[in-house]
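Student: Before anything else, here's the structure in question.
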Amino acid sequence: MNARSLPAAIGLTLLSCQLYAAEPMKTESLDFQFDGKRLSGTLDQPADRPPSAIVVFVLGHGKTDVVAGRWYYDLRSRFVEAGLGCYLWDKSGCGKSEGEYDRDQTVQSSAQETLAAIAELKRRGIAGSDRIGLWGISRAGWICPLVIEQLPDVAFWISVSGTDDKESFGYMLETNLRIEGRSESVVRSLITEWRRGNEIFQEGGSFEENQRATENLRQDPFFKSFFGEEKTKAAYLLEQKTFIAEHHSFDEASGLMVYVPGFRQILKEIRCPVLALFGEKDSVVDWRSTMALYKETIGRGVDADLAIKTFPSCNHNMLQCRTCGVREDRETTGPRQPCDGYQGAIITWVKEKGSFRPRRL
């Protein structure tokens, strides 16, 4: 119920398990070093020709099982059929990657991790690594612009369920409370408690005051299912101390935490082609706010090359859904179907960009 917990709401990286019958591709292991740890990755390439570019996958929040779980295999197959390679890896402490998973890894650190992966591709002279494109979902909406800021020659960016410049937990909570069947009056009351609890936490208020302010919220079944066991006083104070020491920025109008200071200007400086895809049933990220932000920043200027497409029945992970809530994503097992037209829209856009077409041999 505090801003420290907010990134957990962003980017529940579920995979679509539907396999696409594509042209043959070759897949090999390719690891790299970051922050003193070996991270385990997988590289896909066309079996019959060198790739024209490499699509680096930048994942959202949460643990990964990229290599063993063949995450996004269907989309990767379609990229390879279009003549591109793909590279993605497991985060620290996941799969065969060394270290421990850090749920609080900053977006700045994740950007450096992505840059390290790209540097390894270039160092090894992997075919197509002279043209790097980014595919990123959810929290990657902050990470990819930071990567592009430091690597301006990124060839393209495909943003899926991207983020605006502020934290999105309040949107997620309010949207999912409605999906869970709470009345409007209850939703308003619980959101008020959440905001007050955040203020107390961020301003150094006591554990007891925070508990009193969020009494009803902490008893709500959805809220309890999301966070699990309540924090102890000791855990609250430690988290609060760490949070305050990090000197976060806040939006004056909304009071929401700003994850990337100067984010709007960073977006304005992007010159590569951008494809932004949103599910209109996204219950995690305020896709309308992000779309408006992209139009105001990336979509302005002489060099603007921004394409936006929305999908009416698509959730945050661009999968077909019933309720489209967080609980459905967490509790559903087995294969999930991608939204109609989602993958096709990506491949069509890639093929329309002449600079990504396979090189003539």
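The values are calculated or read from the model by the stated rules, or taken from the named source; none is laboratory data. The shown structure was predicted, so the numbers you read here are calculated from the model rather than taken from an experiment. All Cβ positions, glycine included, derive from the backbone under ideal geometry; neighbour counts span all protein chains shown. Remember, those area values only see protein heavy atoms, side chains included, never the ligands or the DNA or RNA. Shrake-Rupley method; radii C 1.70, N 1.55, O 1.52, S 1.80 Å.
Student: Mind checking which residues of the stretch 307-343 are of a type in the set (Gly, Ala, Ser) and under 18 Å from HIS61 (Cβ atoms)?
Tutor: Here is the first cut: in the stretch 307-343, the residues of a type in the set (Gly, Ala, Ser) are 307, 313, 325, 334, 341.
GLY325 - this is the single residue of the stretch 307-343 that is of a type in the set (Gly, Ala, Ser) and under 18 Å from HIS61 (Cβ atoms).
Student: Restricting to the stretch 250-283, name every residue that is among the aromatic types (Phe, Trp, Tyr) and assigned to a loop (DSSP other than H, G, I, E, B). Working first, answer last.
Tutor: Quick first cut of the stretch 250-283, residues among the aromatic types (Phe, Trp, Tyr) only: 250, 259, 263, 278.
Of everything in the stretch 250-283, just one residue is among the aromatic types (Phe, Trp, Tyr) and assigned to a loop (DSSP other than H, G, I, E, B), namely TYR259.
Student: Additional query: How many residues does the stretch 84-104 hold that are surrounded by fewer than 21 Cβ atoms within 10 Å (Cβ to Cβ) and either without any contact (Cβ under 8 Å) to a residue 12 or more places away in the chain or under 29 Å from ALA345 (Cα atoms) (or both)?
Tutor: Counting residues in the stretch 84-104 that are surrounded by fewer than 21 Cβ atoms within 10 Å (Cβ to Cβ) and either without any contact (Cβ under 8 Å) to a residue 12 or more places away in the chain or under 29 Å from ALA345 (Cα atoms) (or both) gives 2.
Student: What single numbered condition from (1) assigned to a helix (DSSP H, G or I); (2) at pLDDT 95 or above; (3) open to solvent by 10 Å² or more (accessible area, probe 1.4 Å) fails to hold for GLY181?
Tutor: (1)
Student: From ASP282, ASP220, ASP251, which residue is in contact with a helix residue (DSSP H, G or I) (Cβ under 7 Å, 6 or more places away or on another chain) and either in contact (Cβ under 8 Å) with a residue 12 or more places away in the chain or not acidic (Asp, Glu) (or both)?
Tutor: The match here is ASP220.
Student: Can you find a residue in the stretch 224-240 that is at pLDDT below 95, under 20 Å from ASP286 (Cβ atoms) and surrounded by 21 or more Cβ atoms within 10 Å (Cβ to Cβ)?
Tutor: The answer is no; no qualifying residue exists.
Per-residue answers, yes or no, for (1) under 18 Å from the mean Cα position of the chain (by Cα); (2) β-branched (Val, Ile, Thr):
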| position | (1), (2) |
| --- | --- |
| LEU237 | no, no |
| ALA245 | no, no |
| TYR259 | yes, no |
| LEU267 | yes, no |
| ILE270 | no, yes |
| TYR294 | yes, no |
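Results for (1) closer than 30 Å to PRO261 by Cβ; (2) at pLDDT below 95; (3) basic (Lys, Arg); (4) assigned to a strand (DSSP E or B), shown as yes or no for each residue.
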residue	(1), (2), (3), (4)
GLY162	yes, no, no, no
VAL187	no, no, no, no
LEU190	yes, no, no, no
GLU193	yes, no, no, no
ARG212	no, no, yes, no
GLU215	no, no, no, no
